[in-house]
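Written out below as structure tokens is the structure these notes cover.
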Amino acid sequence: MARTALITGVTGQDGAYLSKLLLEKGYTVHGLVRRSSHSEVHAHRLQWLGIENDVQYHDGNLIDLSGLIRTVREVKPDEVYNLAAQSFVKSSWQQPILTSQVTANGVANILEAVRLEAPEARFYQASSSEMFGMIQEPQQSEKTPFYPRSPYAVAKLYGHWLTVNYRESFGLHASSGILFNHESPLRGLEFVTRKVTDAAARIKLGLAKTVQLGNLDAKRDWGHARDYVKAMWMMLQQPASDDYVVATGTMYTVRELCRLAFEAAELNYEDHVEVAEAFMRPAEVDVLFGNPAKAVAQLGWKAETTFPDMIAEMVQADLERHRRRL
């Protein structure tokens, strides 16, 4: 029989790619969607992938436990992927309470709903490399101590440890993926990779002249979301639940990101990129560099898309978007 999956955050970047992967594997896919007055807007990423009519949608919100219980009871999922969050790090300093309610307490709510209504379901929690923050080791693995440096990272750490606790307290098959930065043409414009690729496209087409950024020397381990959702699925196919770092094991600066993106648009980034104090973080995370050895060895997973190829794909997608509007 076909398996059934419930995805929170289904309309986000990861939710869209995961939905496509699961549909290709024959799953029935249900998605939790936060109520909006602009109902036609929420599925644009699913529309980009051509699957918006293949997902069954449910109104819901991670801060509403009773609604989550009803949804889990109705869907009867075999697998639950909790991808929903207030996920923009910069906003977490302006909205720390909202971030804690959604990104931290929301995990408690969905875990409770699963424990009460679908205790045999397998659960995935989207943890984050931001939990490492002020890094305690040059390359971060599952054993690296955490040192969160933003309200977002603190909230993610709560959700991460609560998932471990529910696994150990109640025997849930609950795994956390400590995912390092992962991007795609479906990334939101507020994130630095998409901000840069979109700016390169707009400047190439004469729609803008410059883009303002923060710390150009920050280093990140960037992979493609299309690859990373495969790791999520692989975790829930294991006999026992566990936690895994998902990363490429390579690292680039924001400056190198800019160079690659503007080169893909046949431009020189130095002519168009400006540094602005407004985009500096109150507490900077200078380096995040993942060690995916456990995921490679135990899951058989590896990143398939190189960083330069991913950035080129994103620039071409943004060029296509803007050309359609001209």
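Please go through (1) outside the structural domain of Gly15 (by TED's automatic domain parsing); (2) in contact with a His (Cβ under 9 Å, 6 or more places away or on another chain) for Leu236 and return the number of the only condition it doesn't satisfy.
Among (1) outside the structural domain of Gly15 (by TED's automatic domain parsing); (2) in contact with a His (Cβ under 9 Å, 6 or more places away or on another chain), the lone unmet condition for Leu236 is (1).
Would you check if there is a residue in region 37-44 being assigned by TED's automatic domain parsing to the domain that holds Gly171 and under 26 Å from Gln238 (Cα atoms)?
No: region 37-44 contains no residue that is assigned by TED's automatic domain parsing to the domain that holds Gly171 and under 26 Å from Gln238 (Cα atoms).
I'm checking my understanding of the structure. Among residues of region 140-177 that are within 20 Å of the chain's Cα centre (by Cα) and part of a strand (DSSP E or B), which one is farthest from Leu98 (Cα to Cα)?
Gln140
Can you find a residue in region 143-155 that is surrounded by fewer than 24 Cβ atoms within 10 Å (Cβ to Cβ), in contact with a Leu (Cβ under 8 Å, 6 or more places away or on another chain), touching a residue at least 40 places away in the same chain (Cβ under 8 Å) and over 24 Å from Thr8 (Cβ atoms)?
No, region 143-155 contains no residue that is surrounded by fewer than 24 Cβ atoms within 10 Å (Cβ to Cβ), in contact with a Leu (Cβ under 8 Å, 6 or more places away or on another chain), touching a residue at least 40 places away in the same chain (Cβ under 8 Å) and over 24 Å from Thr8 (Cβ atoms).
From the list Gln56, Gln47, which residue is touching a strand residue (DSSP E or B) at 6+ places or on another chain (Cβ under 8 Å), surrounded by fewer than 24 Cβ atoms within 10 Å (Cβ to Cβ) and farther than 26 Å from Ser127 by Cβ?
Gln56
Of Val89, Val102, Val107, which residue is in contact with an Asp or Glu (Cβ under 8 Å, 6 or more places away or on another chain) and either of a type in the set (A, V, I, L, M, F, W, C) or in contact (Cβ under 8 Å) with a residue 40 or more places away in the chain (or both)?
After ruling out the rest, the residue left standing is Val89.
Do any helices (runs of 4 or more DSSP H) entirely within region 86-126 hold 3 or more residues that are within 10 Å of Leu62 (Cα to Cα) and in the same structural domain as Ala240 (by TED's automatic domain parsing), and if so, which?
So the answer is 105-117.
The values are calculated or read from the model by the stated rules, or taken from the named source; none is laboratory data. Remember, it's a predicted structure, so these values are computed and weren't measured experimentally. Positions of Cβ are backbone-derived with ideal geometry, glycine not excepted, and every protein chain shown enters the neighbour counts.
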